[in-house]
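One structure is given here, and the rest of the page talks about it.
The values are calculated or read from the model by the stated rules, or taken from the named source; none is laboratory data. Just so it is clear, the model here is predicted, and its values are computed rather than measured. Glycine also receives a Cβ, built like all others from the backbone with ideal geometry; neighbour counts cover every protein chain displayed. For accessibility, only protein heavy atoms count, side chains too; no ligands or nucleic acids. Shrake-Rupley method; radii C 1.70, N 1.55, O 1.52, S 1.80 Å.
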There are 2 protein chains.
Amino acid sequence: MPFIYEYPHPAVATDIAVFTLRRGALNVLLIERGAAPYLGAWALPGGFLQPDEELDQCARRELLEETGVDADLLMQFATFSAPDRDPRERVISVAYLALLASDELRLEASTDAAQARWFPIGDLPELAFDHDTILRRAFEVLGSRARQISPLFALLPARFTLSQLQGAYEAVTGEDAEKRNFRKTVATLGCVRETDDFAHGAHRPARLYEPVV
Amino acid sequence: MPFIYEYPHPAVATDIAVFTLRRGALNVLLIERGAAPYLGAWALPGGFLQPDEELDQCARRELLEETGVDADLLMQFATFSAPDRDPRERVISVAYLALLASDELRLEASTDAAQARWFPIGDLPELAFDHDTILRRAFEVLGSRARQISPLFALLPARFTLSQLQGAYEAVTGEDAEKRNFRKTVATLGCVRETDDFAHGAHRPARLYEPVV
DNA sequence: CTGACTTAGTGTGTGATTAACACTTAGCAG
DNA sequence: CTGCTAAGTGTTAATCACACACTAAGTCAG
């Protein structure tokens, strides 16, 4: 008899940390749990892997089901395995990270989730399970990736101003950037292309840029 | 009835890509499978997660059991979930990366593994399961981490010459480094401390260095 | 209509870092 | 003691990162 059957299998799930920008600040998407355990507590969206489903699909599906948000770019960043992290039974959780532009967002809680809400990262509630640990790790990974600029496009609309891009950079890394140097860097990287259109606000219009393929 | 019980659980396993330097070249540790499926094929060491065991422990234990090698520093880098990656039943594999100095190595195959052997990365056999994919990813991750120099210490003896360190750097990244610039970088990073001892070979003895705490 | 305000947008000089280059030194082997 | 081989070391040129201040263009209030 193969070794594979000797032990009971753990459940496998995904948890997703979705970040967006709201009023210039980085926010995380949390759901209020609609079932035990941790009924009523806030948690990362996520759920169990189905047969014949890849982890990436599972993360996307669970996010959509629980929050109404569809993220096409999910990044797996760690797997958590503490034996008692779920009181029901053993659950291995594969954690994902996603970035979304806030205008794509219409939150719709599902049956599993009493509600879905954005929380500024500086003002988080107590979280269910080990989701505080998962979220801390997600935030570290996000900060280190953001220095390559292009991951930030996912936080912005399809066309954006350089000031918006810089704002996203500052919100994610937590560091202030110098305007001219930031623009020089972006130009050197060649990761954006200017368009002929301008964003009109209360002051001088700003040229709109778009990501390069 | 909670959602958690609705579906059968997959098995969860770890697979470990252990790298070392042998005669200046990067090598990977593989085992010859001693059981079906893929009986007789080469594969990464690894095995199934036991109850109440963390993934990190599982990786270390499996590596020790199957090859006699004890690695205290294992780095989790990705989780693989293709539904048909194991023909027996569904297996989710959490992949780990380890670096070892070649003088720590005494290979001992176990019952599961017919034998354990080092393979130069340029001369790999066909691999069982999706282990070629896992290994490719491991190699990418390794290359990107090696630029920080300090991960390379794990590939070298406790005390080493700067030429050895440079050799490790070149073997892992695949790029040649310029001797004086490499030494300058290492000095600037401050990640090594010189000792009073020298390595005596066929020519001028080279000063030995050790990692800074 | 106009003036004040606010954000958009641009260039330069300086210091730091990186990259490219060749020769001297010390031990070993014959 | 001579020749070989790897160890070890400084300098220069180019590039990159950073700090810095002003002009431009539109909105809004009066």
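Here are the numbers:
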item	result
Cα-based helix-to-principal-axis angle, A:179-189 vs chain A, degrees rounded to 10	70 degrees
At 1.306 mPa s and 10 °C, Stokes D of the stretch B:36-133 from Kirkwood alpha-carbon radius, µm² per second	110 µm²/s
Reciprocal of mean inverse Cα separation for the stretch B:156-211 (Kirkwood radius, Å)	11.8 Å
Rounded tilt (10° steps) of A:55-67 against the dominant C-alpha axis of chain A	80 degrees
Cut-off under 5 Å, modelled amide H: who pairs with B:GLN76 long-range	B:LEU97
B:ASP132 paired with B:TYR7, simple spin-label distance in nm, labels 7 Å along Cα-to-beta-carbon	2.9 nm
Separation of alpha-carbon centers, the stretch A:82-135 and the stretch A:1-62, rounded to whole Å	7 Å
Inter-copy label distances at B:GLU175 (7 Å, Cα→Cβ; nm, one decimal)	2.0
The protein assembly as shown - share of DSSP beta bridges that are antiparallel (%, nearest 5)	70 percent
Helix B:131-146 axis, angle to chain B major axis (alpha carbon atoms, nearest 10°)	30 degrees
Quotient of Cα Rg and 2.2 N^0.38 Å for the protein assembly as shown, N being how many residues it contains	1.12
Distances in nm from B:ARG193 to the matching label points in the other copies, shortest first (labels 7 Å along Cα to Cβ)	5.5
Modelled FRET efficiency - R0 25 Å, B:ASP112 with B:SER144, Cβ distances, 0.05 increments	0.20
Cα-based equivalent ellipsoid, the stretch B:81-172: semi-axes from gyration tensor eigenvalues, Å	29, 17, 11
Chains A and B together, accessible area buried on both sides, 1.4 angstrom probe, square angstrom	2700 Å²
Contact order normalised by residue count of chain B, Cα under 8 Å, 6+ apart, percent	21 percent
Chain A, closest residue to the rotation axis toward B, by beta-carbon, whole angstrom	A:HIS9, 2
Rg over Rh, two decimals, chain A (C-alpha only, Kirkwood Rh)	1.04
Amide H contacts under 5 Å for A:ALA206, placed H, 5+ residues apart	A:ALA199, A:GLY201
P(r) of the stretch B:4-60 over all Cα-Cα pairs, binned every 10 Å from zero, in whole percent	19, 36, 31, 11, 3, 0
Label point 7 Å beyond Cα along the C-beta direction, distances from A:ALA101 to other copies (nm, shortest first)	5.3
Inter-label distance, nm, simple model (7 Å from Cα along the C-beta direction), A:ALA202/A:ALA187	2.9 nm
